[in-house]
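Below you'll find the structure, written out as structure tokens, and then a few comments.
The values are calculated or read from the model by the stated rules, or taken from the named source; none is laboratory data. None of these values were measured; they are calculated from a predicted model. Cβ: placed from backbone, ideal geometry, glycine included. Neighbour counts: every protein chain shown. Accessible surface is based on the protein model in full, side chains and every heavy atom, while ligands, DNA and RNA are left aside. Shrake-Rupley method; radii C 1.70, N 1.55, O 1.52, S 1.80 Å.
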Amino acid sequence: IWENCWLEDEEKAISDFKQAIQLAESTSNEWEIMRAKLSLAETYLVNQQVEEAHQSALEALEKAKVLESKDSEERLLSLLALIYEKKSDFHSAFQHLNSAYHLRDTLFNEDNQRQIAFLETVYQTEKKEFKIQTLENERKWYTWLAIAAVLILLTALAFALIQYRLAIIKKKLAE
């Protein structure tokens with residue numbers, strides 16, 4: 001990956017990253033120190049300064065482990081694999097690359113678990129909203145049904161009352 005990168009002025013980039021490290025150290029910002037050392041290591045590697053890249057990558061890796069930054073750790077392990085390859089230490093290169101792939105798989109699985117948990121939450125929320133909507137619709141239906149039943153009952157009572165009055169009137173007329 002880094003072999004395909006190019007910078008117009010690697011020496012200036014190296015100087016800038018060293019300055020970034022100093023600034024981050026002056027503010028005790030461990031994250032920025034780690035990120036600057038990682039970038040410095042990548043730049044050293046592009047510039048074919050393998051030993052400097054190795055040292056910077058190891059320092060950044062140590063910080064990444066302390067900060068529990070697994071994505072940076074995975075990136076640094078891949079970078080160290082490239083560095084060891086340049087040093088013709090293929091056994092170490094393989095070990096670091098294997099560790100990087102294992103960490104990448106772990107990150108992928110963790111990300112999948114977060115996505116599954118998120119989707120489960122969305123599903124459960126939608127399910128509850130649907131149930132609430134169904135209950136509200138049911139409540140409206142029962143309200144209209146109750147109103148209709150009351151109207152039918154009142155109509156039946158009115159009809160019965162009218163029939164009763166008519167029966168009384170017929171009885172009086174018959175008398």
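Taking region 1-29, which residues are modelled with pLDDT under 90 and of a type in the set (Asp, Glu)?
3, 8, 9, 10, 11, 16
Would it be correct to say that residue 18 is of a type in the set (Lys, Arg), assigned to a helix (DSSP H, G or I) and under 28 Å from residue 109 (Cα atoms)?
Values: of a type in the set (Lys, Arg): yes; assigned to a helix (DSSP H, G or I): yes; under 28 Å from residue 109 (Cα atoms): no.
For residue 18, the condition - of a type in the set (Lys, Arg), assigned to a helix (DSSP H, G or I) and under 28 Å from residue 109 (Cα atoms) - is not met.
Answer yes or no: is there a residue in region 28-46 that is under 23 Å from residue 92 (Cβ atoms), surrounded by fewer than 20 Cβ atoms within 10 Å (Cβ to Cβ) and of a type outside the set (Phe, Trp, Tyr). I'd like the intermediate steps shown before the answer.
Of all residues in region 28-46, those under 23 Å from residue 92 (Cβ atoms) come to 34, 37-46.
Subset that is surrounded by fewer than 20 Cβ atoms within 10 Å (Cβ to Cβ): 39, 46.
Next, from what is left, pick out any that are of a type outside the set (Phe, Trp, Tyr): 39, 46.
Yes, region 28-46 contains at least one residue that is under 23 Å from residue 92 (Cβ atoms), surrounded by fewer than 20 Cβ atoms within 10 Å (Cβ to Cβ) and of a type outside the set (Phe, Trp, Tyr).
Can you pull out the residues in region 58-76 that are open to solvent by 40 Å² or more (accessible area, probe 1.4 Å) and in contact with a helix residue (DSSP H, G or I) (Cβ under 8 Å, 6 or more places away or on another chain)? It would help to see each step written out before you state the result.
From region 58-76, those open to solvent by 40 Å² or more (accessible area, probe 1.4 Å) are 58-59, 62-63, 65-68, 70-71, 75; that's our starting set.
Once the filter is applied, which keeps residues that are open to solvent by 40 Å² or more (accessible area, probe 1.4 Å) and in contact with a helix residue (DSSP H, G or I) (Cβ under 8 Å, 6 or more places away or on another chain), region 58-76 yields 58, 59, 63, 65, 66, 67, 70, 71, 75.
Rundown of residues vs (1) in a helix (DSSP H, G or I); (2) closer than 30 Å to residue 53 by Cα; (3) over 33 Å from the mean Cα position of the chain (by Cα), yes/no style:
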residue	(1), (2), (3)
102	yes, yes, no
105	yes, yes, no
115	yes, no, no
147	yes, no, yes
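Does residue 55 satisfy being under 23 Å from residue 9 (Cα atoms), open to solvent by 30 Å² or more (accessible area, probe 1.4 Å) and modelled with pLDDT of 90 or more?
yes
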